[in-house]
Amino acid sequence: MKRFAVTAAALLTFLSQGVTAGATEKLPSAIPPAALARLIASSTKISTLPTKLTTPLSKVEVDRVDRYYLSLKIGCYAIGNSCTFGSSKLKKTLVLLGDSHAAMWAPAIIPSATAAGYKVIVQWFPNCPVADVVPWVTLKGQLGTDCSAWRTRTLSAIANLNPSMVILSEATTFAQSDASTPFSPSAWQSALQRTIAVVNKPGSKVIMMGDVPYFAVSPAQCLAAHPTDVQQCSTEVVNSIPQDRQMTSAESGAAAATHIAFFNPDPLLCASTCSPIVGSTVTFKDTNHVASSYAASIRDALWKGLMAAKIK
């Protein structure tokens with residue numbers, strides 16, 4: 001899994017540049033939900049790399065959130081203008097909280113939510129899951145104690161905002177408490193419930209988004225090697241290798257235990273298996289992050305699914 005690190009000095013430099021919260025590229029057109037369902041159903045039959053991809057194969061691995069929202073590039077560490085989207089006159093507030101697996105959904109959630117009358121606040125910290133854990137950060141070779149401190153501050157700030165909606169999303173594949181010990185699903189669920197309890201307030205809809213499937217090899221790299229055998233690069237919806245599995249059961253269990261809504265995004269990504277291409281778009285930019293162009297294109301279906309998600 002790709003990891004990102006940021007120093008305090010780098011963060012201050014970035015913020016001092018006055019980066020706007022606007023999009024750097026125009027969002028792609030949204031695929032209507034019914035059309036998307038047909039494309040996903042037929043995605044497992046794609047055998048040859050399309051001649052014209054939405055994002056050229058050579059650029060897929062940089063198909064990140066900053067393609068459309070520059071201020072989200074390295075993280076959002078404090079509630080402020082650089083990570084707030086929509087008119088200040090909007091009465092309702094939506095908070096998107098988590099790690100890079102929250103940020104990757106921003107190109108879908110921001111345009112949909114602002115169109116629906118929400119001011120959107122994005123709060124994300126690299127390698128910092130929603131669950132109340134101190135994660136092992138492989139890139140740094142150490143525990144993410146800075147993550148825990150940030151999470152505590154941010155949860156307190158969100159609780160004081162009284163948002164109308166809070167959407168939680170996180171990476172769970174390879175989640176470890178030290179260099180060699182994965183978190184158990186039960187421990188993860190308990191930790192997630194502690195976080196949810198802080199933001200689950202009367203009048204606020206809280207939605208837990210399930211984590212996404214995992215590709216053993218970056219789709220762009222695999223497709224370059226197998227342009228006439230696209231499905232060689234597909235992956236299972238739920239990986240058969242235990243350490244590669246997303247902890248969907250822990251996330252849905254935490255949602256049920258705390259009486260919040262749960263939304264599983266897998267049907268917007270995969271059919272019986274997860275093809276690396278849906279329509280003419282490569283779905284993942286690397287092994288575990290949805291490509292921003294794909295997230296943006298499925299925004300109508302994603303928003304519809306989030307709104308339909310029921311409180312347990």
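Of all residues in the range 166-215, those satisfying the criterion of being surrounded by fewer than 23 Cβ atoms within 10 Å (Cβ to Cβ) and among the small types (Gly, Ala, Ser) are Ser177, Ala179, Ser180, Ser184, Ser186, Ala187, Ser190, Ala191, Ala197, Gly203, Ser204, Gly210. If you check Lys52, Lys26, Lys45 for being modelled with pLDDT of 50 or more, within 24 Å of the chain's Cα centre (by Cα), part of a loop (DSSP other than H, G, I, E, B) and charged (D, E, K, R), only one passes: Lys26. Checking each residue of the range 97-116 against the condition of being touching a residue at least 24 places away in the same chain (Cβ under 8 Å), assigned to a strand (DSSP E or B), farther than 15 Å from Ala171 by Cβ and under 19 Å from the mean Cα position of the chain (by Cα) gives no match.
Results for (1) within 24 Å of Ile207 (Cα to Cα); (2) touching a residue at least 24 places away in the same chain (Cβ under 8 Å); (3) surrounded by fewer than 19 Cβ atoms within 10 Å (Cβ to Cβ), shown as yes or no for each residue.
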position	(1), (2), (3)
Arg245	yes, yes, no
Ala250	yes, yes, no
Ala257	yes, yes, yes
Pro265	yes, yes, no
Val278	no, yes, no
Phe284	yes, yes, no
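The set of residues in the range 165-194 that are modelled with pLDDT of 95 or more and over 22 Å from Ala295 (Cβ atoms) comprises Ser186, Ala187, Trp188, Gln189, Ser190, Ala191, Leu192, Gln193, Arg194.
Taking the range 163-182 as the range and being touching a residue at least 60 places away in the same chain (Cβ under 8 Å) and not aliphatic (A, V, I, L, M) as the test, the residues that pass are Pro163, Ser164, Ser169, Glu170, Thr172, Thr173, Phe174, Pro182.
Return a yes/no flag: does the range 210-223 have any residue that is closer than 22 Å to Thr287 by Cβ, among the charged types (D, E, K, R), in contact (Cβ under 8 Å) with a residue 24 or more places away in the chain and in contact with a Phe, Trp or Tyr (Cβ under 6 Å, 6 or more places away or on another chain). Working first, answer last.
Keep residues of the range 210-223 that are closer than 22 Å to Thr287 by Cβ, which gives 210-223.
So of that shortlist, the ones also among the charged types (D, E, K, R) come out as 211.
Those still in the list that are in contact (Cβ under 8 Å) with a residue 24 or more places away in the chain too: 211.
From what is left, the residues that are in contact with a Phe, Trp or Tyr (Cβ under 6 Å, 6 or more places away or on another chain) are none.
Checking the range 210-223: not a single residue is closer than 22 Å to Thr287 by Cβ, among the charged types (D, E, K, R), in contact (Cβ under 8 Å) with a residue 24 or more places away in the chain and in contact with a Phe, Trp or Tyr (Cβ under 6 Å, 6 or more places away or on another chain).
Across the range 231-271, which residue is nearest to Thr287 (Cα to Cα) among those that are among the polar types (S, T, N, Q) and in a loop (DSSP other than H, G, I, E, B)? Reasoning before the result, please.
Restricting attention to the range 231-271, the residues satisfying the condition of being among the polar types (S, T, N, Q) are 231-232, 234-235, 239-240, 243, 246, 248-249, 252, 258, 264.
Filter once more, keeping what is in a loop (DSSP other than H, G, I, E, B): 234, 239-240, 246, 264.
Numbers: Ser234: 11, Asn239: 13, Ser240: 16, Gln246: 13, Asn264: 18 Å.
Applying the filter and picking the extreme gives Ser234.
Filter the range 118-157 down to residues that are small (Gly, Ala, Ser) and in contact (Cβ under 8 Å) with a residue 60 or more places away in the chain and give me whichever is nearest to Ile79 (Cα to Cα).
Here the residue is Ala157.
Go through (1) over 25 Å from Cys270 (Cβ atoms); (2) of a type outside the set (Asp, Glu); (3) in contact with a Leu (Cβ under 9 Å, 6 or more places away or on another chain); (4) at pLDDT 95 or above one by one and return the number of the condition Phe4 breaks. Going through the list (1) over 25 Å from Cys270 (Cβ atoms); (2) of a type outside the set (Asp, Glu); (3) in contact with a Leu (Cβ under 9 Å, 6 or more places away or on another chain); (4) at pLDDT 95 or above, Phe4 breaks only (4). Looking at Ser293, Ser234, which one is of a type in the set (Gly, Ala, Ser) and farther than 15 Å from Phe215 by Cβ? Answer to the check: Ser293. Within the range 147-165, the set of residues being in contact with a helix residue (DSSP H, G or I) (Cβ under 8 Å, 6 or more places away or on another chain) and exposed (fewer than 15 other Cβ atoms within 10 Å of the Cβ) comprises just one member, Ser156.
Of all residues in the range 286-311 being of a type in the set (A, V, I, L, M) and in a helix (DSSP H, G or I), which is surrounded by the most Cβ atoms within 10 Å (Cβ to Cβ)? Before the answer, list the steps.
We begin by selecting, within the range 286-311, every residue of a type in the set (A, V, I, L, M); these are 290-291, 295-296, 298, 301-302, 306-309, 311.
Cutting the leftovers down to in a helix (DSSP H, G or I) gives us 295-296, 301-302, 306-308.
Working: Ala295: 28, Ala296: 31, Ala301: 23, Leu302: 24, Leu306: 22, Met307: 14, Ala308: 9.
Here the residue is Ala296.
The values are calculated or read from the model by the stated rules, or taken from the named source; none is laboratory data. In this text, all values refer to a predicted model and were calculated from it rather than measured experimentally. FYI the Cβ positions are ideal-geometry reconstructions off the backbone, even for glycines, and counts take in every protein chain you see.
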